[in-house]
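Contents: one structure, followed by commentary.
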Amino acid sequence: KAVFDDSYRARARELGFTEQQIITLASIVEKEAKVPSERKLVSAVYYNRLKQGMKLQADPTAVYGTKAWITKVTAKDLRRNSPYNTYLHTGLPPGPIANPGEGAILAALYPEPVDYLFFVAQGDGSHFFSKDFEAHAKAIGRYRSHKKKALRQARTKQRHH
């Protein structure tokens, strides 16, 4: 409310969204995008999914109200029956899942003009963005492979100390 001025309201209307819908989308962007330069890309993924009638499948919505987002999201979390869980429900959740900062609000109002539909966390706060599921699946495979390699290296290092 402190930053959402008349120009933001006008932009929301231009996009066909209410103020609450923009704040709801911005709250998801706030939780997902840890690297500020990726906010508009994350926002674009959600816009593109909304346009295509796809589920948003935003991990923070699956755990909203149950546990801290910093914990690992489990398969059980993704199946949790909640109106906020965008793995179960198409469209935006009924309201915000966090208090978004102005950067996330601006990303929700001005998404990057890209055709990405997917992103996967890289483990360092950044994401890899993909246009189709095949590229997304490959990105997940690369992430899991790097993660396993890092675990093996850590175990080897522990044994030698």
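The values are calculated or read from the model by the stated rules, or taken from the named source; none is laboratory data. Please read these numbers as outputs of a predicted model, since none were measured by experiment. Cβ atoms come from the backbone with ideal geometry, glycine included; neighbour counts cover every protein chain shown. We work out accessible area using only protein heavy atoms, side chains counted, and drop any ligands, DNA or RNA first. Shrake-Rupley method; radii C 1.70, N 1.55, O 1.52, S 1.80 Å.
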Original post:
When you go through Ser43, Ser37 one by one, which is the residue that is within 21 Å of Phe119 (Cβ to Cβ), part of a helix (DSSP H, G or I) and open to solvent by 70 Å² or more (accessible area, probe 1.4 Å)?
Top reply: Ser37
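Could you tell me which of the residues Leu56, Leu25, Leu41, Leu106 is without any contact (Cβ under 8 Å) to a residue 40 or more places away in the chain and either touching a Lys or Arg at 6+ places or on another chain (Cβ under 6 Å) or hydrophobic (A, V, I, L, M, F, W, C) (or both)?
Values: Leu25 fails: without any contact (Cβ under 8 Å) to a residue 40 or more places away in the chain; Leu41 fails: without any contact (Cβ under 8 Å) to a residue 40 or more places away in the chain; Leu106 fails: without any contact (Cβ under 8 Å) to a residue 40 or more places away in the chain.
On inspection, the qualifying residue turns out to be Leu56.
From the list Lys31, Lys55, Lys67, Lys72, pick out the single residue that is assigned to a helix (DSSP H, G or I) and open to solvent by 10 Å² or more (accessible area, probe 1.4 Å). Don't jump to the end; show me each part of the working.
On the way: Lys55 fails: assigned to a helix (DSSP H, G or I); Lys67 fails: assigned to a helix (DSSP H, G or I); Lys72 fails: assigned to a helix (DSSP H, G or I).
One residue alone meets the criteria, Lys31.
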Subject >> Every residue from the range 16-27 that is over 18 Å from the mean Cα position of the chain (by Cα), at negative phi, open to solvent by 50 Å² or more (accessible area, probe 1.4 Å) and not hydroxyl-bearing (Ser, Thr, Tyr) >> reply: Glu19
**OP:** Read through the list (1) touching a residue at least 60 places away in the same chain (Cβ under 8 Å); (2) open to solvent by 20 Å² or more (accessible area, probe 1.4 Å), then give the number of the only condition that Phe4 fails.
**Re:** (2)
